[in-house]
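Coordinate-derived values only; no laboratory data. Bear in mind the structure is a predicted one, so any value in this text is a computation, not a measurement. Using ideal geometry, Cβ is built from the backbone for each residue, glycine included, and neighbour counts are taken over all protein chains shown.
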Amino acid sequence: MSNNTIRVGVDVGGTFTDVVLWDGNKFTQTKVATTENQADGVVAGIEKICDL
């Protein structure tokens, strides 16, 4: 796997949406509240983990 590859995993639960990022060297994880529109929670988690 190239170091330019980034992998993102998302688990949407009833209370929290967990996001994990693998950049080829280390794992980073974050947790955000699950929203009524689950897609919004996924986007919020990805933005948070990428510091956007």
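Miscellaneous remarks
- Fewest-first sequence of Thr17, Thr34 by Cβ atoms within 10 Å of each Cβ: Thr34, Thr17
- Sorted largest first, the spans of the alpha carbon positions of the chain along the three principal axes are 36, 19, 13 Å.
- Under the combined filter of DSSP loop state and at most 11 neighbouring Cβ atoms within 10 Å, the chain retains these trypsin sites (Lys or Arg not before Pro): Lys26.
- Tilt relative to the chain, helix 38-49 - C-alpha long axis, 0 to 90 degrees, to 10: 40
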